[in-house]
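K.L.:
Here you go, one structure.
FYI, it's all coordinate maths here, none of it is from the lab. Since the model is a prediction, treat every value here as computed from it, not as a measurement. Cβ atoms come from the backbone with ideal geometry, glycine included; neighbour counts cover every protein chain shown.
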Amino acid sequence: MDFDYTPKVKKLQASLLEFMDLHVYPNEARFFREIAENRARGNVWTPTALIEELKPKARAAGLWNLFLPHSPRAPEGLSNLEYAPLCEIMGRVPFAAEVFNCSAPDTGNMETIARYGSEENKDAWLDPLLKGEIRSAFLMTEPEVASSDATNVQCRIERDGDDYVINGLKWWSSGAGDPRCAVYIVMGKTDPEAGRHEQQSMILVPANSPGVSIIRPLSVFGYDDAPHGHMEVRLTNVRVPASNLLLGEGRGFEIAQGRLGPGRIHHCMRSIGIAERALELMCKRLNSRVAFGKPIASQSVWKERIADARCMIEQARLLTLNAAYMMDTVGNKVAKAQIAMIKVVAPTMACQVIDWAIQAHGGGGVSDDFPLAYAYANQRTLRLADGPDEVHRDSIAKLELAKHLNIPG
């Protein structure tokens, strides 16, 4: 296996780094200031002008839809291994991925529609998503059951003539707060009597369908992530055409595995990016501050933490690149152990590195004067999103134990 970046990727890296230096880092304060101004005006669920200004610039620079495998609809698309170092760069700033049309849950939803949707579905939803004209949400998690076991999901999707009728309560529906969110992918039960993993299906639901109601936004450590948001959504007798069902009844778990593999690794790539930035901020802070008569950076405890952070980041990056390589060469199913491992390792690593960086910044570290508190909130959430650590560890252990069944020891 060769993890060296190709000339094509190195060129894109250079272009992306230049774009970040010119347009993203200088505008971080503006992004959050716009959100604060919208909040003061009474409507925080308003897209920022900054993002809309930067999207055409990113597209003109050839930095658009890089996440999606190359296809006629996405000629810019890259392999997972090619995309990894670029996604890492985007992950250094929370809002950056959207500038390049590479943010979740749109990325996973676009991949899902591209893989499992009909041509009619692709024309209606994939094309405008690829153009950045609309946004989307993914509705799987429910407040009334332990959704880490998706067989618990209770939302019903019932056939009625040429339609399906949907009833259920969802939460942590990321992206549903954005007024540009035009379509949901909803997971629910089509046949409660089928086999345990054949009960669930996925269906496309226009966000403006009668019977869809957004109950409230959910905050993460006090952050509402506006205008993106994580919403609680009720679907009451929502009727959509039967052609909106993806792949077929009972295929929801199959779709989920195809969708969540790339999504999980994208999260991990971004985790590495924010961990790198946290380490940089930590080192700059330690070099610039004096305590008890000497630079804080000279104190042995901080040298140990810096060294550990560098080792942890490099380990996570190599594990991520290996998972990406395997996804490209042998497929998501064969690479499931590698995907599970990096989903445990990367957010946990990022949480630790960011925590050290917060400590190095003292009181400033837990304030919004620095990007660290918000970064920690995001990374701590990732230890739950797309499956909690415990579920991934269980999967890894089962695969490891299976290697040694019926072998004398």
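K.L.:
I want the antiparallel fraction of DSSP beta bridges within the stretch 135-246, as a percent rounded to 5.
P.N.:
On the way: 28 of 34 bridges.
Bridges in the stretch 135-246 that DSSP calls antiparallel: roughly 80 percent.
K.L.:
Pull out a ≥ b ≥ c, the square roots of the eigenvalues of the alpha-carbon gyration tensor of the stretch 7-117, then state rounded if a/c is under 1.5, prolate if not and a/b is larger than b/c, and oblate in the remaining case. Write down the numbers at each step before the final one.
P.N.:
On the way: a/c = 2.46, a/b = 1.45, b/c = 1.70.
In terms of gyration-tensor shape, oblate.
K.L.:
Please list the equivalent ellipsoid semi-axes of the stretch 253-402, computed as the square roots of five times the alpha-carbon gyration tensor eigenvalues, in descending order and whole angstrom. Can you show the working numbers first?
P.N.:
Working: eigenvalues 228, 44, 29 Å².
They are 34, 15, 12 Å, listed from largest to smallest.
K.L.:
How much length would be gained if the chain were fully extended between M1 and N237, taking 0.36 nm per residue of separation minus their Cα-Cα distance, in nm to one decimal?
P.N.:
Values: separation 236, 0.36 × 236 = 84.96 nm, distance 5.11 nm.
The span from M1 to N237 would gain 79.8 nm if fully extended.
K.L.:
Using 7 Å Cα-to-Cβ label points, what is the H70/R180 separation (nm, one decimal)?
P.N.:
Here the modelled spin labels are 2.8 nm apart.
K.L.:
What spacing in nm lies between the two simple spin-label points modelled at H404 and N43, each 7 Å away from Cα in the Cβ direction?
P.N.:
Going by the 7 Å Cα→Cβ label model, 6.1 nm.
K.L.:
Now for a separate question. Return the FRET efficiency for the residue pair T151, E52: r is the Cβ-Cβ distance, R0 is 30 Å, and the value is rounded to the nearest 0.05. Could you put the intermediate results ahead of the total?
P.N.:
On the way: r = 40 Å, r/R0 = 1.35.
The formula returns an efficiency of 0.15 here.
K.L.:
While we're here: Can you list residues from other chains, or at least 5 along the same chain, whose modelled amide H is less than 5 Å from the amide H of R251?
P.N.:
Under 5 Å from the amide H of R251 lie the amide H atoms of M202, each far enough along the sequence or on another chain.
K.L.:
Taking amide hydrogens as modeled 1.01 Å from N in the peptide plane, which residues meet the under 5 Å criterion relative to L68, leaving out close sequence neighbours?
P.N.:
HN-HN under 5 Å from L68: L78.
K.L.:
Of L22, L246, how do they rank once you tally other Cβ atoms within 10 Å and put the fewest first?
P.N.:
On the way: L22 12, L246 23.
So the residues, fewest neighbours to most, are L22, L246.
K.L.:
Applying 1/(1 + (r/R0)^6) with R0 = 25 Å to the Cβ-Cβ distance of D191 and D389, what FRET efficiency is obtained, to the nearest 0.05?
P.N.:
On the way: r = 31 Å, r/R0 = 1.25.
Efficiency computed from Cβ-Cβ geometry: 0.20.
K.L.:
Taking a 23 Å limit on the Cα-Cα distance, which of the listed pairs K8/K336; K10/K284; K11/K57 fall beyond it? Don't skip to the answer; put the middle values down first.
P.N.:
Values: K8/K336 28 Å; K10/K284 27 Å; K11/K57 17 Å.
Cα-Cα > 23 Å for K8/K336; K10/K284; rest within.
K.L.:
Springs between alpha-carbon pairs under 10 angstrom, Gaussian network model over the chain: which of A256, A150, A397 fluctuates most?
P.N.:
Comparing A256, A150, A397 in a Gaussian network model of the chain, the most mobile one is A397.
K.L.:
Here's another thing I want to ask about it. Would you mind counting up the charge near L286? Only other residues with Cβ under 13 Å from its Cβ, with Lys and Arg at +1 and Asp and Glu at -1. Could you put the intermediate results ahead of the total?
P.N.:
Details: positive: K284, R285, R289, K294, K303, R305; negative: E280, E304.
Residues close to L286 contribute a combined charge of +4.
K.L.:
Let me ask something else about it. How high is the relative contact order of the stretch 38-150, in percent, with contacts defined as C-alpha pairs under 8 Å that are six or more residues apart?
P.N.:
Details: 93 pairs, mean separation 21.8, N = 113.
Across the stretch 38-150, relative contact order equals 19 percent.
K.L.:
Further question: Provide H404, H228 in ascending order of the number of other Cβ atoms located within 10 Å of each residue's Cβ, fewest first.
P.N.:
Working: H404 9, H228 24.
In increasing order of surrounding Cβ atoms, one gets H404, H228.
K.L.:
While we're on this one: Which length gain, in nm to one decimal place, applies between R33 and D123 when the Cα-Cα distance is subtracted from 0.36 nm times their residue separation?
P.N.:
Details: separation 90, 0.36 × 90 = 32.40 nm, distance 3.62 nm.
Going from the current span to full extension adds 28.8 nm.
K.L.:
From the square roots a ≥ b ≥ c of the eigenvalues of the alpha-carbon gyration tensor of the stretch 122-239, which class results: rounded (a/c under 1.5), prolate (a/b over b/c), or oblate? Working shown, then result.
P.N.:
Details: a/c = 1.85, a/b = 1.23, b/c = 1.51.
Because a/c hits 1.5 or more and a/b fails to exceed b/c, the stretch 122-239 counts as oblate.
K.L.:
Just check the chain against the gyration tensor rule for me: Cα atoms, a ≥ b ≥ c as the square roots of the eigenvalues, rounded for a/c under 1.5, and otherwise prolate or oblate depending on whether a/b exceeds b/c. Can you show the working numbers first?
P.N.:
Working: a/c = 1.62, a/b = 1.34, b/c = 1.21.
Prolate.
K.L.:
Net charge around D106, counting only other residues with Cβ within less than 11 Å of its Cβ (Lys, Arg = +1; Asp, Glu = -1)?
P.N.:
On the way: positive: R135, R180; negative: E98, E111, D178.
Residues close to D106 contribute a combined charge of -1.
K.L.:
Measure nothing but the geometry: give the 0 to 90° angle between the long axis through the Cα atoms of 252-288 and the longest principal axis through the Cα atoms of the chain, rounded to 10°.
P.N.:
Approximately 20 degrees, to the nearest ten.
K.L.:
Of C311, C102, C351, how do they rank once you tally other Cβ atoms within 10 Å and put the fewest first? Please report the intermediate quantities before stating the final value.
P.N.:
Working: C311 11, C102 24, C351 20.
Taking fewest neighbouring Cβ atoms as first place, the list is C311, C351, C102.
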